[in-house]
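In what follows, a single structure is set out as structure tokens and then discussed.
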Amino acid sequence: MKLTSTKLYHRIYKVEHNGRTFEIDGQNHEYGSKEWELFEVVGGENVWIETYPTKKDALADIPGRA
């Protein structure tokens, strides 16, 4: 199953899977970091799940969590 993401802002994407909403944030958070962070949106708040080296890795992890 291939997940698709919707661009919300520059390097921030939304993914919906099994009734749950996730966001993948690839903005540079500290110094020169190029990592992507995966969050689940719960009650309007982003709950951090994990940090990945690529957006593809973050997308691949979502089906195992939802």
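Worth pointing out:
- None of 49, 62 is touching a residue at least 40 places away in the same chain (Cβ under 8 Å) and in contact with a Phe, Trp or Tyr (Cβ under 9 Å, 6 or more places away or on another chain) except 62.
- Matching residues, segment 11-47, being loosely packed, with under 11 Cβ neighbours inside 10 Å and either within 15 Å of residue 64 (Cα to Cα) or under 9 Å from the mean Cα position of the chain (by Cα) (or both): 18, 19
- Taking each residue of segment 33-46 that is under 12 Å from residue 11 (Cβ atoms) and looking for partners that are buried (at least 17 other Cβ atoms within 10 Å of the Cβ) and among the β-branched types (Val, Ile, Thr) with beta-carbon atoms closer than 7 Å, six or more apart or interchain, yields 36/24.
Coordinate-derived values only; no laboratory data. Predicted model only: the values in this text are computed from it and were never measured. We place every Cβ from the backbone using ideal geometry, glycine too, and count neighbours over all the protein chains shown.
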